[in-house]
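The values are calculated or read from the model by the stated rules, or taken from the named source; none is laboratory data. Computed from a predicted structure; not experimentally measured. Note that we place each Cβ from the backbone using ideal geometry, even for glycine, and neighbour counts take in every protein chain shown. Note: accessible area is taken over every heavy atom of the protein model, side chains too, but ligands, DNA and RNA are not part of it. Shrake-Rupley method; radii C 1.70, N 1.55, O 1.52, S 1.80 Å.
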Amino acid sequence: MRLSGRYFWILGFALALLLATCGGQGGQSGPSAKVGVASSVTPIPYIPWQAGSAETECAQAGIPFDGAYKVDPPTSGTYNVDAYGHYVTVSFSQDGRYVDWSSNLAISAVIVKGGPNANVYIYNPPATSDTGLRAPDHHREGQIPAISHVTFCWEYRLDVEKTARTTYTRQYFWEIHKSGDQQNLTLSAGQVFPVNYQVEVRVSRYEDRDFAVNGDITIRNNTPITFVVQGVSDVVSPDIQANVSCGNLPQTLAPGETLTCTYTASLPDKAERTNTATATYVRQGQDRVRTATATRPVTFGEPTELVDEAVSVSDDRYGPLGTVSAAEAPRTFTYTLNVGPYACGPQDSEYTFTNTATLTTNDTQKQTNSSWTVSVRVPACAQGCTLTQGYWKTHTKYGPAKPRDDAWDLITPDGEDSPFFLSGQSYYRVLWTPPSGGNPYYQLAHQYIAAKLNVLNGSAAPSEVGAALAWAENFFATHTPSGPFSKTETNQARAYADLLGQYNEGYIGPGHCSE
């Protein structure tokens, strides 16, 4: 038997009615099994749909709502939906069959009516935009009908904002190392020797600890209705519960009011995390719980507290050396300390010169030190040790070395300024006059002055040194630096200069002092 198209239409309508009856909600027309397509949610078709006010249509869809707004006729544009600055923007396709929307209000549902039926798009959680919404297919014609109107349903939500401030402590640990350019010295009685020191201070390591995040959670009621905030929680991923302080809860928030909470959470390290605050609340007079959240990243930067980030450095003999911060480290201090003078005895004497550099941290006052020891031998008084002409020419009252060696006071009548025989110059000037052209006078004079001072300073002199000194004194008593000198005198003067040089340098006699 051949069936007409009208028969198939009646059969389809009866099936749709049966589905609507089975899926109905309290006698209300229920959703059918036929669906349309949108980009974010699957709509529920209602066949048929009873058009009415925006509030009536939202109630017909069985959606909890606080406010509703109908765009009718379907004209593209932006529509203010309440007195609190909330709006929806709709854009209809050229053929009038599709609509895109956006809003600064969280929309719970959008009802798109076309022909006798409507598609209900339910958003959970509420959305602020979608595209490609449409009405259900026209059952009789099997095509998408033109949109007659669009209804927006929403539940007002509290606005939640939060901050996330990270904190942690960094403690520095330091080390110090002291060194000197001398470890062993041989000094004559009364001799002073300058030792150069270096003290290096550096950060050996640092430790970060006490990681935490804290901030504010601000809950604003930017709606026309009153809510009651029942609880506020804050979780740092994955499952670290923060301590939240909001005062007494529950707390009623009338339109325009704000509740500010604070929170803090200790963290195991400074890994990046996510921090989410959640407020639970109800509409005054109702018991259906709603939630609102806010999320912030937990990102650590520079430490917020520094411990022992600087040290003061001192030397027990020199005094304060300075301060060093972690940003300036490593840093090396250089300075000079004089070792001596020491007295001689009937036998060789042994001394130690130890000085200690110490750093002290600025917060915990922890001290770390490093020492350097110089071992000093002072030969017996009857033995002594010798110093070169280079030492004696620089350790005068004219410098440049310091301190002056007071053995110069044993040259009469005026120390280094005393006249040197027939030269017309002082001892000091003779020592600083170079023996140009190999002048034997100055060659001998330099070594003579050094040997004379060594002997006056207590250094034992072998007999050959004594003979050389006596010959030199007779030579200087009868000659001036310009001569003339016989060949024999020249050779003898140079020979004795060499002998006295060996004595001054420690190759013969008691040995050489440190210089």
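At-a-glance table
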| quantity | calculated |
| --- | --- |
| Among Thr291, Ser312, Ile144 - extreme Cα towards positive end, dipole of the chain, charges at beta-carbon | Ile144 |
| Mean separation of Cα contacts under 8 Å, 6 or more apart, over the residue count of segment 64-187: relative contact order % | 27 |
| Alpha-carbon centroid distance for the pair segment 243-292 / segment 68-140, whole angstrom | 32 |
| Segment 328-373 - accessible surface per residue (Å², probe 1.4 Å) | 57 |
| Peptides ranked, highest mean first, by Cβ atoms within 10 Å: ranges 118-130, 353-365 | 118-130, 353-365 |
| Computed over the chain: relative contact order in percent, which uses C-alpha pairs under 8 Å that are six or more apart | 11 |
| Heavy-atom surface of segment 392-515, accessible at 1.4 Å and reported per residue (Å²) | 46 |
| Cβ-placed point charges (K, R +1; D, E -1), dipole of segment 419-515 about Cα centre in debye, nearest 20 | 220 |
| Rounded accessible area per residue of segment 96-228, 1.4 Å, Å² | 37 |
| Only Lys, Arg (+1) and Asp, Glu (-1) charged, at Cβ; the chain dipole about Cα centre in debye | 1800 |
| Surface share of carbon and sulfur [accessible, 1.4 angstrom probe, percent] for segment 365-515 | 51 |
| Within the chain, percent of DSSP bridges classed antiparallel, to nearest 5 | 95 |
| Carbon + sulfur, % of accessible area of segment 63-206 - ligands and nucleic acids excluded, 1.4 Å | 44 |
| Relative contact order %, segment 374-420, counting alpha carbon pairs below 8 Å whose residues are six or more apart | 18 |
